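A.B. asks: For reference, the structure I am asking about is given below.
The values are calculated or read from the model by the stated rules, or taken from the named source; none is laboratory data. Since this is a predicted model, take the numbers as computed values, not measurements. Cβ sites come from the backbone with ideal geometry, for glycine too, and all protein chains shown count toward neighbours.
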Amino acid sequence: MQTMLLRKLKKFAGLFLKLALAGGIVAFLIARNPHEIVEGFSNFNYYYLIPALFFYCSHIFVCAFRWFELAKIINVKISFFEALSLTWQGNFFSLVIPGGAIGGDVVKMGVLSSRTAKGEKLEGAFSILMDRIIGMIALFLMVLIILGPDIPLLLKIKVPQFELSESVIYLWIAALAGLCLAGLGASLAIFFHRFFFALPLVGPLMHWGDKISKGMITRMTSATDIYKQSVGKLTVLTVISIFFVHLMCVLVFYFLLRGIGCSNEVSVLNLITAVAIGNVVGLIPIFPSGVGGRDVVTITILVAAGLSAGEAKTGQLIYTAIVIAFNLLGGLFFVFDPGRRQIAETIKKFEAGNE
């Protein structure tokens, strides 16, 4: 009884701290420019919310389409509506349970496992992992492409009450580039599993793991080989992710800036840089759905690009409100999902495994 109570308190404390961190950052941002933000919301042309909401919703459909296509490659049988429903539910659970985007993916894996045939469960989970990999490859590639041309913008970054020298900023730029390269390397390493099998120490260890897991590693490597044979389709899905997932988020922000009346003050490249780097920081699991970390980074870069702090914060706060609203909307898919009891059991198992 006491142990169960401690577990519940631990889960509550973890979620509370996570939400408190995000909320505290947003509150701090508002507190520094309250009058400008209020004025920004008062003068905002809310007609521009229509295209902003449309394009944000569209990027979720594209994410669902990407996963649907990746599942088809390894013969995992799900309908597009199931892919859309579980994608939206994954976004919802990324917001409300610990673990960030990873937590949402784990729930998706558990739910898909309960709905697929016995011989397809591992492949279904692997398709979700591959979906995450393709999305990250697209984001990291985009950041690496724009990082060089936008170094002059990043050198203008200023942090209130802190003196940042050029050498420090260059160090941060190099760290960001290193993070993206490391992410690409880790994402692509999965396609070279045969090389790891051939290593003197790693190979026998993987064979041993395959034996005690009753062939799970063999099935994963077989699925990887199928994806490796479909490199053309994976490339197309990566390009689609760049233009219709990540750049779609930039388009959402563009219309928000139009609503504020300052879209001409920021170049397209600078806007892409602000949103893309903000999204990279938003991947850190301590931020629920990226809220908090993404806000600080995007606002800081937009201010360096020429926006006033009030304009940048108004645009980012509306963008964050859209993200939260659409993630919460995923809860409706959960409520009306016939298998929501199975989903609830999956969440309990995930939370128990993180205690």
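A.B. asks: Would it be correct to say that residue 241 is crowded, with 19+ Cβ neighbours inside 10 Å, in contact with a Gly (Cβ under 8 Å, 6 or more places away or on another chain), among the polar types (S, T, N, Q) and at pLDDT below 95?
C.D. replies: no
A.B. asks: Scanning the range 133-166 for residues that are over 16 Å from residue 188 (Cβ atoms) and among the small types (Gly, Ala, Ser), which turns out modelled with the highest pLDDT?
C.D. replies: Looking at residues that are over 16 Å from residue 188 (Cβ atoms) and among the small types (Gly, Ala, Ser), I get 148.
A.B. asks: Is it the case that the range 264-273 has a residue that's surrounded by 20 or more Cβ atoms within 10 Å (Cβ to Cβ), among the aliphatic types (A, V, I, L, M) and in contact (Cβ under 8 Å) with a residue 60 or more places away in the chain?
C.D. replies: There is at least one residue in the range 264-273 that is surrounded by 20 or more Cβ atoms within 10 Å (Cβ to Cβ), among the aliphatic types (A, V, I, L, M) and in contact (Cβ under 8 Å) with a residue 60 or more places away in the chain.
A.B. asks: Filter the range 291-321 down to residues that are of a type in the set (S, T, N, Q) and more than 16 Å from residue 259 (Cα to Cα) and give me whichever is surrounded by the most Cβ atoms within 10 Å (Cβ to Cβ).
C.D. replies: Going through the qualifying residues, I end up with 298.
Results for (1) at pLDDT below 95; (2) touching a strand residue (DSSP E or B) at 6+ places or on another chain (Cβ under 8 Å); (3) surrounded by 15 or more Cβ atoms within 10 Å (Cβ to Cβ), shown as yes or no for each residue.
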site: 184; (1), (2), (3): yes, no, yes
site: 209; (1), (2), (3): yes, no, no
site: 212; (1), (2), (3): yes, no, no
site: 215; (1), (2), (3): yes, no, no
site: 224; (1), (2), (3): yes, no, yes
site: 232; (1), (2), (3): yes, no, no
site: 248; (1), (2), (3): no, no, yes
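A.B. asks: Within 30 Å of residue 69 (Cα to Cα), surrounded by 12 or more Cβ atoms within 10 Å (Cβ to Cβ) and at pLDDT 70 or above: is that true of residue 188 in this structure?
C.D. replies: Spelling it out, it is not the case that residue 188 is within 30 Å of residue 69 (Cα to Cα), surrounded by 12 or more Cβ atoms within 10 Å (Cβ to Cβ) and at pLDDT 70 or above.
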